Amino acid sequence: MNTKKELELLFNELYSAGTEPELDIVLEKYPTIFNNPENWRPLGGNENNFGVIENQQASPIASLIEKITNSIDATLMRKCYEKGIDPKSPTAPKSMDEAVNNFFESSEYWDIASQRRKQAEEIQIVADGPPRESSVIIYDNGEGQNPEDFEDTFLSLLRGNKNEIHFVQGKYNMGGSGAIVFCGKKGYQLVASKKWNSNGEFGFTLVREHPFSLEEQETKKNTWYEYLVIDEVIPSFPIDELDLKLHNRSFKTGTIVKLYSYQFPSGYSGFAQDLNQSINEFMFQPALPILTVDKKERYPNNKVLELDLFGLKRRLEQTENDYVEESFSENYSHERIGKTKVTCYVFKARTKDNSVKKTRENIQKRFFKNNMSVLFSLNGQVHGHYTYEFISRSLKMNLLKNHVLIHVDCTNMNYGFRKELFMASRDRLKHGEETQILRKFLSDKLSKSRLAEIEKKRKNSISVDGGDTKELLKDFSKEIPKDSELFKLLDDTFKLDFSDQSKKKKQDKKESKKRNKEEPFQPERFPSYLKLKAKNDGKTPVAALPKGGEKTLKFETDVENQYFDRVEEPGKFKIGLLNFSSNESEGGDSPGKPKDPEDILNVDVSSPLDGIIKVTMGPKKERKVGEMIQLKVTLDGTGEEFEETFWVKIADPEKPKQKSKKDEDDKVPNIGLPDYVLVYEQENEEDKGGTTWEKLSEQGIEFDFPNVMYPQMSGEKLEKIFINMDSRVLKNYKSKIKNINEEQINTAHKKYITSVYFHTLFLYTITRKRGYRVLQAVQGQEDKPVSLDDYLQDVFDNYYSEFILNFGMEQLMSSLGD
């Protein structure tokens, strides 16, 4: 078979196969082509390609993202060629943002649905095959390739053919091959393309995992991946256009790739919903919009079959009124890390039309489908992530762990630091020194950010007086001697103390009740002024920056909180260096004067919060005491800029504060057992120290009849145990007591409280002291990490509390005492 018409028929049969088994039937139809070893060549020209291809992205979604990234790169490359620019020349764009601004005049209108949809049709992700065994078609109207160039582009490995092009994401020329391992059982991938200028034919090839013969199994350890040639060349035929069942267009130029029987994670169905949401997560802020397309034959009742996407950032802004309670950003500057922008999105604990559980499920499905709570991106593509364990363990913000998404933009980091963060597969962080430094840096910064205020506010809103743990402990100690191993374990964990803590507890509960009597802040879409909140005569330093420390300056304005981060018409806050004076004379070998503030200072800029922009500055290690720095900050508005000019001075390190006797006493607090708080379905007049399901639900803590307890934790420290007094377990237990009287009710309540409380302590103490980490098996996916508080609550909600209550605390105490 070598006539152009026969090759066209062959391609159509290969492309029309919906699944791997259907493709096998096509291959069996042409044994002289597909069973001829002379027609197969190893991918990358090397039979040892197994390791390169197999050791890339760890998940099928991350692998698919690399294909989409290649399509974005190809589309930008085409536009560059159409402009007559060599992508490797000095006149080519230096970044993706610059390329989009230069090549797409319509980009400013992509927030309009019709304009965005039109552009999204240039890159399509199309479903094929039945829902239970979906194949994926990826199309782009990009630069395309001539058949004779396939082996140096699509079919090469580690050539680095994009390494000198600054406005594309690809670099190693290997990421696109990572998806092959998720293509069914045999790695079938069809690649076809035609050059953007139509100077050449439409070429195609089939990639597969080489099928081992019996003889090869005896002589070789690993197989390899290979591609099809016919008569020693990439098969091709001339076209004007092809009907490849794309949405709203025929194929004329560009590239189309088909991945047969793709191994999606469990639970994935429609492309316009599930896959669309996952791509949005991994493409936090893509350079170009994309279209996901499903088919009526797959889902006859689905009314939404085509849906464009433009990144999670825009989805968060679009759905802000429904799920996002507030958002803010921090711009950090660090001498080793470089510049980093961190944006935090805090979700509502409960939406008005849904329960706490339903709200959390909706948030998880819409924004955390891949369990990524902290996203690290480069040019808008996520290259690694943390799960919510960073929120609970590093930030110790357990109430927010399911309700905050953090985006870390690594694009402007120092190159030397950034290249050590990510694996070449661009789907996960390395476990190296730089990753540890970044984790600690983010933990330190975010622990002092607006997030800490939000966590404290939510915690204070559920703060109520607890039950008498002192009496519980006394009752407990009667059953178990203080010299027993179990008592020592609790004592070692909680530092048990029988002394009177009423004064301490009263002091802890004292909260500031100061109210801001000023008129409420009225934000504007654009600022009308900028003012430094400090005395500034233009000559005297407004702040002394201590060596090894930092100072925060506040600037007053009237712009809305999302001004720096909103998708439409975002604003900018810039800091410039005007003058710098050093105490040292400058000799011939002295370094040149700094040009930017970041040459001298570590600078953090927070997004506006109710009219205040905070700028935190600290001198770099090599700076000298006495150096004077003149800075200018600029806030842009609607065609005009507002600025403030001021001096700062580098000062001696701050002396450690002298510790008073009171400080020393406060440093080692009298820590006892965590409080317990009784929770009721409705207000309980008899228990003034309790709370209700509704009050807890306002902060994202769910209580209903099936729930027994909730352990409030800060990091891994157990602070309080909420016990549900209207749980089904307790109601069922009391229903078994015939003719129950008030005394029996009180006894049942005490037994229930004691059982839940101390069993929580035992499980918490043992789990933490033994250093266990909990994983939950999820069908079709990787094991899911489970935080200690979620684990404890789930255990009690699922039969454990019913067991301990019916088993009897007396028998339990007796057995433990033995």
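Averaged per residue, segment 288-343 has 42 square angstrom of accessible surface, using a 1.4 angstrom probe with ligands and nucleic acids left out. If a spin label sat at a point 7 angstrom from the Cα of Ser198 along the line to its beta carbon, the backbone N atoms of segment 227-242 nearer than 15 Å would be those of 238-242.
Between Glu108 and Tyr772, full extension at 0.36 nm per residue minus the direct alpha carbon distance yields a gain of 233.9 nm. Of the whole protein surface, Glu743 contributes about 140 Å² of accessible area at a 1.4 Å probe radius. Counting only heavy atoms of the protein chains and using a 1.4 Å probe, His334 has close to 50 Å² of accessible surface. Per-residue ellipticity at 222 nm, computed for the chain from helices alone with -39500 (n - 2.57) per DSSP H run of at least four residues, works out to -8500 deg cm²/dmol. Classification of segment 84-136 by its C-alpha gyration tensor yields an oblate form. The axis ratio a/c (a ≥ b ≥ c) is 1.5 or more, and b/c is at least a/b. About its Cα centre, the dipole of the chain is roughly 2640 debye, where the only charges are +1 on Lys and Arg Cβ and -1 on Asp and Glu Cβ. Of the labelled figures (i) 1.02; (ii) 0.98; (iii) 1.16, only one reflects Rg/Rh (Cα atoms, Kirkwood Rh) as derived from the coordinates, namely (i). Surface composition of the chain: carbon and sulfur atoms hold 46% of the protein heavy-atom accessible area at a 1.4 Å probe. Annotation: Val625 carries an accessible surface of approximately 60 Å², with a 1.4 Å probe and no ligand, DNA or RNA atoms counted.
Taking a sphere under 9 Å around the Cβ of Lys252 and counting the other residues whose Cβ falls inside, with K and R at +1 and D and E at -1, yields a net charge of 0. Here segment 326-354 is scanned for amide nitrogen atoms under 16 Å from the site 7 Å beyond the Cα of Asn460 along Cα-to-Cβ, giving none. The shape of segment 10-114 comes out prolate: with a ≥ b ≥ c from the C-alpha gyration tensor, a/c is at least 1.5 and a/b beats b/c. Label-to-label distance for Asp704 and Arg132 is 3.1 nm, based on points extended 7 Å past Cα in the beta-carbon direction. Considering only alpha-carbon pairs that sit under 8 angstrom and 6 or more positions apart, the relative contact order computed for the chain is 10 percent. Label-to-label distance, Asp537 versus Asn101, with points set 7 angstrom from Cα along the beta-carbon direction: 4.1 nm. In order along segment 244-257, phi translates into HN-Hα couplings of 10, 6, 7, 7, 6, 6, 9, 7, 10, 9, x, 9, 9, 10 Hz, rounded to whole numbers, per the Karplus curve 6.51 cos²θ - 1.76 cosθ + 1.60 with θ = phi - 60° and x for Gly and Pro.
Note on exposure: Arg336, Arg458 ranked by accessible area (1.4 Å probe, complete protein assembly) read Arg336, Arg458, with the most exposed listed first. Each Lys or Arg adds one and each Asp or Glu takes one away; over the other residues whose Cβ falls under 13 Å from the Cβ of Ile85, this sums to +1. Computed from the C-beta positions of Lys621 and Lys94 and an R0 of 22 Å, the FRET efficiency is 0.15 to the nearest 0.05.
Extension gain, Ile25-Thr747: 0.36 nm per intervening residue step, less the Cα-Cα distance, totals 252.6 nm. The modelled label-to-label distance for the pair Ser447/Asp152, using points 7 Å beyond Cα in the direction of Cβ, is 5.4 nm. Full extension of the chain between Asn36 and Leu214 gives 62.5 nm of extra length, using 0.36 nm per residue less the Cα-Cα distance.
With K and R counted +1 and D and E -1, the other residues having a Cβ less than 9 Å from that of Ile137 yield a net charge of +1. Using DSSP to call loops (not H, G, I, E or B), can you name the trypsin sites (Lys or Arg not before Pro) in segment 69-126 whose Cβ has at most 16 other Cβ atoms within 10 angstrom? When the trypsin sites (Lys or Arg not before Pro) of segment 69-126 are filtered for loop state and at most 16 Cβ neighbours within 10 Å, Lys83, Lys88, Lys94 remain.
The values are calculated or read from the model by the stated rules, or taken from the named source; none is laboratory data. Just so it is clear, the structure is predicted and the values come from calculations on it, not from any experiment. Don't worry about glycine lacking a Cβ; one is built from the backbone with ideal geometry, like all the others, and counts go over all protein chains shown. With ligands, DNA and RNA removed, areas are computed over all heavy atoms of the protein, side chains included. Shrake-Rupley method; radii C 1.70, N 1.55, O 1.52, S 1.80 Å.
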